[in-house]
Amino acid sequence: MKEEIIASKKGFIAALDQSGGSSAKTLSLYGINEDMYHSEEEMFEEIHKMRKRIITNKVFNNKYILGVIIFKKTMESKIDDLYTAEYLWEEKQIPTFLKIDVGLENIDGGVQVLKDIPNLDEVLDEAISHGVVGTKMRSVIHEYNEYGIKKVIEQQFNLAKKIMNKGLIPIIEPEVSIKALNKEKIEMYLKEQIKIELKKLKSNGKLIFKFTIPNKANLYDELLRNKNVLRIVALSGGYKQEEACKYLKENKKMIASFSRALLEGLKYNQSEEEFTKQLENSIINIYNASIKKN
């Protein structure tokens with residue numbers, strides 16, 4: 001049932017997976033500065049409060065949202081006596097994905113590959129125990145370098161195979177920096193390398209691609225012809241919400257999986273009415289960009 005929702009329901013995937021490296025910035029945009037907490041543990045408590053406020057809000061529902069990406073600490077934290085993934089499924093009928101990457105290596109060959117993920121099997125087993133439907137891992141491509149791009153895709157597919165063998169749906173995210181020179185050339189080469197790796201796949205498992213919105217509209221649509229590809233989704237990639245939605249509308253088969261653009265305008269000191277109105281406006285804008293195309 002969860003896979004069917006992910007595959008066919010109208011809506012978008014909400015990315016609430018900011019982790020150690022991005023949590024402080026996320027909180028700052030939310031209006032909670034670093035002098036308002038005094039340890040990493042307190043920082044994550046504030047992040048969880050923010051996520052809980054979003055997830056429990058009445059406008060955060062399965063009419064618009066078909067999946068949520070969460071961070072490991074969020075998965076291990078509770079909302080109203082239920083762990084977060086269980087709450088999302090039991091109370092909202094929204095499946096979850098777990099962000100499994102633990103950061104990026106330094107730039108080499110124009111890209112940042114994933115750091116090794118310690119105890120991957122244990123992490124996946126824990127995700128399964130919480131009823132998580134899939135995983136997500138993010139690499140970044142900064143410049144056109146064929147060696148580097150191949151390295152990113154090979155690493156992502158090697159991980160994806162292990163994840164599919166566990167019965168989970170991996171979200172492969174080879175982000176292309178919106179500041180990259182030759183962005184369109186990078187995206188063309190990236191797509192060709194993905195097609196090569198898809199042809200090698202022997203698994204019947206399903207996967208999702210999460211891409212920077214491409215310069216050439218509908219560039220990645222043909223990947224959906226492959227039997228293993230369930231969805232193609234878009235990250236906001238540093239674009240403001242209005243701009244990200246505008247570009248997304250030009251891509252007919254791509255839906256949103258926004259993070260910063262989803263949280264835009266939300267502040268910890270807003271009244272519940274103000275918070276709900278801002279969240280609702282964002283959700284409807286992103287939903288419409290995902291299903292109503294130019």
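The values are calculated or read from the model by the stated rules, or taken from the named source; none is laboratory data. It should be emphasised that the depicted structure is a prediction, and the values quoted were computed from it without experimental measurement. Positions of Cβ are backbone-derived with ideal geometry, glycine not excepted, and every protein chain shown enters the neighbour counts.
Structural remarks
- Members of the stretch 10-36 found to be touching a Gly at 6+ places or on another chain (Cβ under 9 Å) and at pLDDT 95 or above, listed by number: Gly11, Phe12, Ile13, Ala14
- Within the stretch 243-263, the residues that satisfy the criterion of being among the charged types (D, E, K, R) and either buried (at least 20 other Cβ atoms within 10 Å of the Cβ) or touching a residue at least 40 places away in the same chain (Cβ under 8 Å) (or both) are Lys246, Lys249, Glu250, Lys252, Arg260.
- Conditions (1) surrounded by 23 or more Cβ atoms within 10 Å (Cβ to Cβ); (2) closer than 22 Å to Phe157 by Cβ; (3) in contact (Cβ under 8 Å) with a residue 40 or more places away in the chain; number of the one not met by Tyr189: (1)
- Note on the stretch 221-245: residues that are basic (Lys, Arg) and more than 19 Å from Ile171 (Cα to Cα) amount to 1.
- With respect to the stated conditions, Ile117 is surrounded by fewer than 18 Cβ atoms within 10 Å (Cβ to Cβ), assigned to a loop (DSSP other than H, G, I, E, B) and among the β-branched types (Val, Ile, Thr).
- Residue in the stretch 152-172 that is crowded, with 18+ Cβ neighbours inside 10 Å, part of a helix (DSSP H, G or I) and of a type in the set (Gly, Ala, Ser) present: yes
- Scanning the stretch 66-111 for residues that are of a type in the set (A, V, I, L, M), closer than 24 Å to Ser282 by Cβ and out of contact with any helix residue (DSSP H, G or I) (no Cβ under 7 Å at 6 or more places or on another chain) returns a single hit, Ile69.
- Condition met for Ser139 (out of contact with any Pro (no Cβ under 7 Å at 6 or more places or on another chain), farther than 16 Å from Phe71 by Cβ and modelled with pLDDT of 95 or more): no
- Checked against (1) within 21 Å of the chain's Cα centre (by Cα); (2) modelled with pLDDT of 95 or more, Arg225 meets all criteria but (1).
- Qualifying residue in the stretch 89-96 (condition: surrounded by 15 or more Cβ atoms within 10 Å (Cβ to Cβ) and charged (D, E, K, R)): yes
- Of all residues in the stretch 201-217, those satisfying the criterion of being free of Cβ contacts under 8 Å to residues at least 40 places away in the same chain and either aromatic (Phe, Trp, Tyr) or not in a loop (DSSP other than H, G, I, E, B) (or both) are Phe209, Thr212.
- Cβ-Cβ under 8 Å pairs, at least 6 apart or on other chains, the stretch 5-28 side at positive phi and buried (at least 18 other Cβ atoms within 10 Å of the Cβ), far side hydrophobic (A, V, I, L, M, F, W, C) and assigned to a helix (DSSP H, G or I): Gly11/Ile291
Let's see how each residue does on (1) farther than 21 Å from Asn281 by Cβ; (2) modelled with pLDDT of 95 or more; (3) in contact with an Asp or Glu (Cβ under 8 Å, 6 or more places away or on another chain):
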{"position": "Leu168", "(1), (2), (3)": "yes, yes, no"}
{"position": "Ile232", "(1), (2), (3)": "yes, yes, yes"}
{"position": "Leu235", "(1), (2), (3)": "no, yes, yes"}
{"position": "Leu266", "(1), (2), (3)": "no, yes, no"}
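- Condition check for Val132: assigned to a loop (DSSP other than H, G, I, E, B), closer than 27 Å to Lys227 by Cβ and of a type in the set (A, V, I, L, M, F, W, C): yes
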